[in-house]
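Data first, discussion second: the structure below is written as structure tokens.
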Amino acid sequence: MKQEQKRKLLITLIVVFALVIIGAVGYVVIKQLGLFSSEETYREVQQSYVTTAAATAAETITDPANTDETGFPVNNPIDFENLRAQNPDVYSWIDIPDTNVHYPVLQSTEDDNFYLDHDVYKNYSFPGAIYSQSMNKKDYSDRVTVLYGHNMLNGSMFATIYRFADAQFFEEHPYFYVYTADRKLTYEVVSAFDYDDRHILNSFNFNEDSVFSDWLTAAQSPHSLYSNVRTDVKLDLNSKMLVLSTCTNSGDGRYLLQGVLIKDEQTR
Amino acid sequence: MKKLVTIVIAVMIMAFSTLSAFAVSVDSPVATTQPETQATTVVPKPDSGKTSPKTGSSDVLAYSLIAVSVIGCGVASVALVKSAKKN
């Protein structure tokens, strides 16, 4: 009798474990399908709302100091009108040469972290979107603006900002770009480093000069073993910093890429 | 032994409930959706947390569940075969 009971329990356990395996595998499969679907979504966005000529132009402009200063507005490669018709939360576009970062930037009016797991069309998506939070203005006029993006295993979203961990890549890629509906903002990369998981905008009051000054100092001398820094970039209390934040590959920390605004051009 | 089975089932259900694809609060293909109400008031939900949004892509829990279940299934199967041989 005892033997029969033991046999029944073992069979029950096997069935339970089998169900768990099926459930977990199902989860992984659903997630992978979501990733494929998300990749397709952003590929479509890049094809539909970015003009090819201008997109490649962004890649080729490497030294803002050498661009023609005729005063004519530069081209805006992003079709913000149609993109915003799809989702009014889209307010800018980020472009980092030689990475996979060519994405719209969003900010939700309802939930600061809505785009952590929703794509540009507001559909649930594991990779989410590149986004900022409501404590940042959408015109990049804050002293420190923070953009968040997932560190995806497939290299999408902000995963490839890790390329700045390579000293040579960091050296060869001094600029990245942000487009708004009527402006092109050029940022010079100041530093890339591991940081802790503090919520930057909730932890520092950058309206205080001393706090902001300390942040700028730390940006050029981060407490990180794996940092790359451009020490010759001049930072002062008028600097407009843009921080790109993603999770580290292990542990609870964050990887930050910081740039300072060096050029603000009108676009047509 | 019955208690063990109950505990295993409870732990599995709790573990699954933490996986976002199975959580009912998200708009996943397998999630339940809230009925739309008319004249909804938008209440802003600011992030006042001290921790930065978690932007990792970890599947550790799902893979751990698979690994633990495969091991558990194997051990139970071996025990079952052994007990059958005894008989």
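No lab work stands behind these numbers, since they all come straight from the coordinates. In this text, all values refer to a predicted model and were calculated from it rather than measured experimentally. With ideal geometry, Cβ positions are generated from the backbone for all residues, glycine too; neighbour counts draw on all protein chains shown.
On the basis of the beta-carbon distance and an R0 of 35 Å, A:TYR121 and A:ASP98 show a calculated FRET efficiency of 0.80. With the Kirkwood sum run over all distinct C-alpha pairs, region A:173-243 has a hydrodynamic radius of 13.5 Å. Here's the list of lysines a cross-link from A:LYS137 could span, going by alpha-carbon distance under 22 Å and ignoring same-chain residues fewer than 8 apart: A:LYS122, A:LYS184, A:LYS240, A:LYS263, B:LYS45, B:LYS50, B:LYS54. Counting only chymotrypsin sites (Phe, Trp or Tyr not before Pro) that sit in a DSSP loop (anything but H, G, I, E, B) with at most 14 other Cβ atoms within 10 Å, what is the longest stretch of chain A containing none of them? After excluding every exposed loop site, the longest remaining stretch is A:1-120. Give the lysines whose C-alpha is closer than 20 Å to that of B:LYS85, dropping any in the same chain fewer than 8 places away, or say none. Straight-line reach from B:LYS85, under 20 Å: A:LYS2, A:LYS6, A:LYS8.
For A:ASP214 and A:VAL15, the FRET efficiency from 1/(1 + (r/R0)^6), where r spans their Cβ atoms and R0 equals 56 Å, is about 0.40. With each label modelled as a point 7 angstrom along the Cα→C-beta vector, the B:TYR63-A:SER141 pair spans 4.7 nm. Legend: Rg and Dmax of region A:131-188, from Cα coordinates, 13.3, 35 Å.
Entry for region A:39-266 at q = 0.09, 0.17, 0.18 Å⁻¹: log10 I(q)/I(0) = -0.34, -1.35, -1.53, Debye formula applied to identical alpha-carbon scatterers, no solvent contribution. Once the C-beta distance of B:ALA10 and A:ASN205 is scaled by a Förster radius of 41 Å, the resulting FRET efficiency is 0.35 to the nearest 0.05. Under the convention that each Lys and Arg Cβ holds +1 and each Asp and Glu Cβ holds -1, the size of the dipole of region A:39-266 around its Cα centre is about 120 debye.
Note on A:ASP232 and A:ARG43: the model spin-label points, each 7 Å out from Cα along the C-beta direction, lie 4.1 nm apart. For the pair A:VAL29 and A:ASP166, the difference between a 0.36 nm per residue extended length and the Cα-Cα distance amounts to 46.0 nm.
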